[in-house]
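Below is one structure, written out as structure tokens, with a few remarks after it.
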Amino acid sequence: MFVSYRAMDERVVRAMRDAGFQVTPAQARLSQRIADDGSRLTDLAHQAQVTKQTASVLVAGLEAQGIVERVPDPADGRARLIRFTPRGKAAARRALEVVGEVEREWEEHLGPELTASLRAALTTLGQVTDPYR
């Protein structure tokens, strides 16, 4: 599972770089966890299983490229949300396109039944082993 995940991860990062987004694999993994309406840094760190300091460095790199921005949290004036900029939304759309391409390739190799079974099994495992549920 890890080898397949890393292969997809590398394809996404390569496509991002080809599209002009100079993201690292760690930045890509963190950014895939940003909620549509924004996420707090502590939540991103927790979900990505990195320290708050690491998440802050990754976000700073994304911010420097204009992919994300920090805005006040309307629910808590003391907190900030990390959210995608229009440029970042374009990057996220491209990443999702690549993920879709890879998933279609895998389905061509496995067939629709095995793909559906694999997806169901991985979803179930994720629910059982997710430390954040």
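Quote the charge dipole size of the chain about the Cα centre in Debye, to the nearest 20; the model charges only the Cβ of Lys and Arg (+1) and of Asp and Glu (-1). Spell out each step's value before the answer.
On the way: 19 positive and 18 negative charges, 111 e Å.
So the dipole magnitude of the chain works out to roughly 540 debye.
Using just the alpha carbons, could you tell me how many Å³ per residue the convex hull of region 2-129 encloses?
About 122 Å³ per residue, rounded to a whole number.
Angle between the Cα long axis of helix 86-110 and the longest principal axis of the chain, 0 to 90 degrees, nearest 10?
10
Taking the Cα centre of region 22-68 as origin, work out the dipole magnitude from +1 charges on Lys and Arg Cβ and -1 charges on Asp and Glu Cβ, in debye rounded to 20.
Working: 4 positive and 4 negative charges, 37 e Å.
The dipole of region 22-68 has a size of about 180 debye.
Starting from the Cα-Cα distance between Gln127 and Ala79, subtract it from 0.36 nm times their residue separation and give me the gain in nm to one decimal.
Length difference between fully extended and current span is 14.3 nm.
Check Asp73: other-chain or 5+ apart residues with amide H under 5 Å from its amide H, H built from backbone geometry?
Answer set, sorted by chain and number: Ala79, Arg80, Leu81.
Specify the angular offset, from 0 to 90 degrees and rounded to the nearest 10, of the alpha carbon long axis of helix 112-129 from the longest principal axis of the alpha carbons in the chain.
40
Treating the angle as unsigned and between 0 and 90°, give the value, to the nearest 10°, between the Cα long axis of helix 2-18 and the longest Cα principal axis of the chain.
Taking the Cα atoms of the chain, the angle to 2-18 is about 60 degrees.
A short reminder: the numbers here are calculations on the coordinates, not readings from a lab. Since this is a predicted model, take the numbers as computed values, not measurements. Here the Cβ is made from the backbone with ideal geometry for all residues, glycine too, and neighbour counts use every protein chain on show.
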